[in-house]
Amino acid sequence: MSPARRSFLLWLLAMLAGAAIVWHSRFTADMSFFLPSKPTAEQQVLVDQLKEGAVARLLMVAISGGDVEQRATLSRDLRGRLGKMPEFASVQNGQSGSESADRDFLFKHRYLLSPSVRPERFTVDGLKNAISNSIDLLASPAGMMLKPLLTSDPTGELVDILSQLNAGAQPASRAGVWASRDGERAMLLIQTRALGSDTDGQENAIQLIRQQFAESRTASGLSDARLALSGPGLFAVNSRATIKDEVSQLSLISSVAIIAVLFFVYRSFRLLTLGLLPVVSGALAGVVAVSLAYGTVFGITVGFGSALIGEAVDYSIYYFVQSSRMGVDAWRERFWPTIRLGVLTSISGFAALLFSGFPGLAQLGLYSLAGVLTAALVTRFVLPQLAGTTIERRDLTPLGHLLERSIGQVQRLRWPMLALAIAAAATLYLDRDSLWNPELSALSPVSQADQQVDLALRADMAAPDSRYLVVINAADQETALQMAERTGLQLDRLVERGLLGGYDSPTRFLPSQLSQAQRQASLPSNDELALRLKAVLQDAPLAASKLDRFLADIESTRRQPKITPASLAGTQLALAVDAMLLKHAKGWSVLLPLRPPQDGSAMIDAAAVRAALTEDTAGQALFIDMKGEFDKLYNDYLHEASQLSLAGLIGIILLLAITLRSPRRLGRVLLPLILAVLIVIGGLHLLGERLHLLHLIGMLLIVAVGSNYALFFDRADETTGPDPETLASMLVANLTTAIGFGTLGLSNVPILHAVGVTVGPGAVLALLLAAIFAPRGTTG
């Protein structure tokens, strides 16, 4: 078997093995790209909420068009259709039937739910005070509503229960269903059975909603009815579609452009095909490495990898252009050490990212490292065997001579470029406080239009701001609820002190079994209660003889089963409990959303809340500022990315210093790279681009990719400079790199866009500046 055939078969077997691994790999475009691999306790709450939380399964729906009655009819019909489907855990629209179910549940179980139900409540004095308060309330604006309840609930337990609820967090109502604030849209709140992390399940649920709405609209004859939908599930589905579409389109655009450049240079389909082997090999190796190391490949990683096509193809360009006249052995002796050093600098930069706690960043590092290394090895060991000794291509010598003459011209720009870089550095220093985007949302692929729709629907649904939470974890549900009740007592004190506006708790509708048992034990027997009422109501305007329903309900409560999650079925209260009481692999969690003080402030004194919780709950209740944690998470990422980029840069400098063994040569290689970074970042800042951590990674890539050009000038003969064909190969390679990365600048996905607008122009500037600051002897 010939060496060429043997090499090809080995390469083909490796590709087939890689393809088999990729075929069985799991690809995802969910938000876990942004989640920490080793979260803190507070960050774990964020992770759990995004992946499994009830909020992540909620979808808000708005129906517009027609008049208020037609929208209400459509809302009821849609609720009826979706409520029968197993894909949905709950479909609420506030229609009278569901509100009646809630009211009936609260009234029926008022003596198990009311925290006022204690033994002293039913003593003579306790009954006297409670009934007196209820009678006084009849004179208030709510008197008309309370009057029918007086004989069945004279102690006012239902009023006590309702007073703890956030009455402001309810949507408006029109024609018996929820409506927007302006009354122009009917509103529904839908909870899917699919987890928030199950993007396929969320996509199926959204399609069902749209399908059922279309059928309902047709059935009602309301042709101008429109559906608006929002929620975490929709964000995940749209983000995945955006990433998938953009990765496909941009990869196609850059591939076609690079192939056109290569065909112009090679004028040979055979060389073109062979030249793409390192690219295909590198891309496949990158996905295989990520799949084997992480088990899941993020869509953004694949999108980023498409840009590496531009760098991976450089190696075959260098080989075909530089070796066509001197032969393979001479090329390996003269040029391979320079290319190898360039590959090692890239690997040094990418390797630093492997240590990131940001899973997306670590994947990008591993993908790049494996891809670049594989592409270089295929160029070194496989390509020469397959290409043979004769390489017929376009003669690029005239282009090389033109570049030689041009270098002499552009080297006059040394001082202007230095001045430009200094001006950029000064601008960046002066504006250092406004350079960076401090929000994690800067990385989010969710479109501005989707965010606007979500804000509008949340306002219409009167959805509470869940920025502040108290989280309680326990091994079982009963312990979690008991701890939530004890924590609630401390939160009540903070409300009384004006430090909190209020809070929500699942124990309002699902008290612990212990509390329910204690409340049942507080209820006196029928005979004893009758005697006490007779004493209490001797001179009262309410006759004891009219309280038979009260006596019957007390007796019934003493014997009725305790409330369980199943008792809430068919009510909207089940949705509220489900959102705040979570089961997970390690046990149960209770979330207590906090409301800011009613003094107009949107902020909660976190230190005061933490101090109260630490003092009274021995640290078992964890206070979390969700926005603060997201900001902290992003700042941690940014800080870590800064450190890793610095480590990567130091690794590159050390590698070059050891290899070049000359401070002068080291400075000559690094100067154009540093200037390129300063000018690009300064330019982006002046164009209004706010930097985030992927711009930082882009800076590292400018150094890693651009070092190849500076090294070719450094390794050239100091009196004559690089030969014309080497110059031509550098220009072609730079063009394909700029196309590969620059195409990403067109992306609407912030992560891909940042890499594109940083590395694309940075690579071009790195080559230009390497030529400008090359030794004078290299001028043409």
> What is the range 537-641 by shape, rounded, prolate or oblate, if you read a ≥ b ≥ c off the alpha carbon gyration tensor as root eigenvalues and call it rounded for a/c under 1.5, prolate for a/b larger than b/c, and oblate otherwise?
Replying inline: prolate
> Can you list the lysines whose alpha carbon is less than 17 Å from that of Lys51, not counting same-chain residues fewer than 8 positions off?
Replying inline: Lys38, Lys583, Lys586
> Any idea of the accessible area per residue across the chain, 1.4 Å probe, to the nearest Å²?
Replying inline: 43 Å²
>> Multiplying the sequence separation of Arg493 and Met85 by 0.36 nm and subtracting their Cα-Cα distance, what value in nm do you get?
In response: 142.5 nm
> Summing -39500 (n - 2.57) over the DSSP H runs of n ≥ 4 in the chain and dividing by its residue number, what mean residue ellipticity at 222 nm do you reach, to the nearest 500 deg cm²/dmol?
Replying inline: -21000 deg cm²/dmol
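Set the Förster distance to 56 Å, then compute FRET efficiency between Asp125 and Ala585 from the Cβ-Cβ distance, nearest 0.05. Walk me through the numbers on the way to the answer.
On the way: r = 50 Å, r/R0 = 0.89.
Efficiency at R0 = 56 Å is approximately 0.65.
Suppose the chain between Asn748 and Lys534 were pulled fully straight at 0.36 nm per residue; how much longer would it get relative to their current alpha carbon spacing?
Values: separation 214, 0.36 × 214 = 77.04 nm, distance 7.50 nm.
Length gained, Asn748 through Lys534: 69.5 nm.
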> Quick one: if you take sqrt(5λ) for each eigenvalue of the C-alpha gyration tensor of the range 291-438, what semi-axes come out, biggest first, whole angstrom?
Replying inline: 33, 29, 12
> Counting only the heavy atoms of the protein chains, how much of Glu215 is accessible to a 1.4 Å probe, in Å² to the nearest 10?
Replying inline: 80 Å²
>> Test of understanding: what is the full-extension gain from Leu420 to Arg486, defined as 0.36 nm times their sequence separation minus their Cα-Cα distance?
In response: 17.4 nm
> Just from the alpha-carbon atoms, what are the Rg and Dmax of the range 538-582 in angstroms?
Replying inline: 17.0, 50
> How high is the FRET efficiency from Leu435 to Ser556, r the C-beta distance, R0 60 Å, rounded to 0.05?
Replying inline: 0.35
> So what's the range 233-350 giving for Cα Rg divided by 2.2 N^0.38 Å, two decimals?
Replying inline: 1.27
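For the range 203-344, with all protein chains present and a 1.4 Å probe, just round the carbon and sulfur fraction of the accessible area to a whole percent.
Carbon and sulfur together cover 59 percent of it.
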>> Counting only Cα atoms, I'd like the Rg/Rh figure for the range 354-400, Kirkwood definition for Rh.
In response: 1.28
> Amide H to amide H under 5 Å from Val177: which residues, 5+ apart in sequence or cross-chain, H placed 1.01 Å off N in plane?
Replying inline: none
>> Ignoring ligands, DNA and RNA, please state the percent of accessible area on the range 446-557 from carbon and sulfur, probe 1.4 Å.
In response: 51 percent
>> Between helix 724-742 and the chain, what is the angle of the helix's C-alpha long axis to the longest principal axis, kept within 0 to 90° and rounded to the nearest 10?
In response: 10 degrees
>> Order Arg610, Arg493 by their accessible area, 1.4 angstrom probe, all chains in place, largest first.
In response: Arg493, Arg610
>> Net charge within 14 Å of Lys586 by Cβ-Cβ distance, Lys/Arg positive one each and Asp/Glu negative one each, not counting Lys586 itself?
In response: -1
>> Cross-link candidates for Lys128: which lysines have Cα within less than 25 Å, leaving aside residues fewer than 8 places away along the same chain?
In response: Lys108, Lys147, Lys534, Lys546
>> On a straight-distance basis, which aspartates and glutamates could pair with Lys632 in a cross-link, Cα separation under 18 angstrom, same-chain partners fewer than 8 positions away excluded?
In response: Glu42, Asp48, Asp433, Glu439, Asp605, Glu640
> For Lys244 and Ser220, FRET efficiency with R0 = 51 Å and r from the beta-carbon atoms, rounded to 0.05?
Replying inline: 0.90
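The values are calculated or read from the model by the stated rules, or taken from the named source; none is laboratory data. Everything numeric here is computed off the predicted structure, so don't read it as measured data. Cβ: placed from backbone, ideal geometry, glycine included. Neighbour counts: every protein chain shown. The protein model used for the area step is the full one, side chains on, heavy atoms only, and it has no ligands, DNA or RNA in it. Shrake-Rupley method; radii C 1.70, N 1.55, O 1.52, S 1.80 Å.
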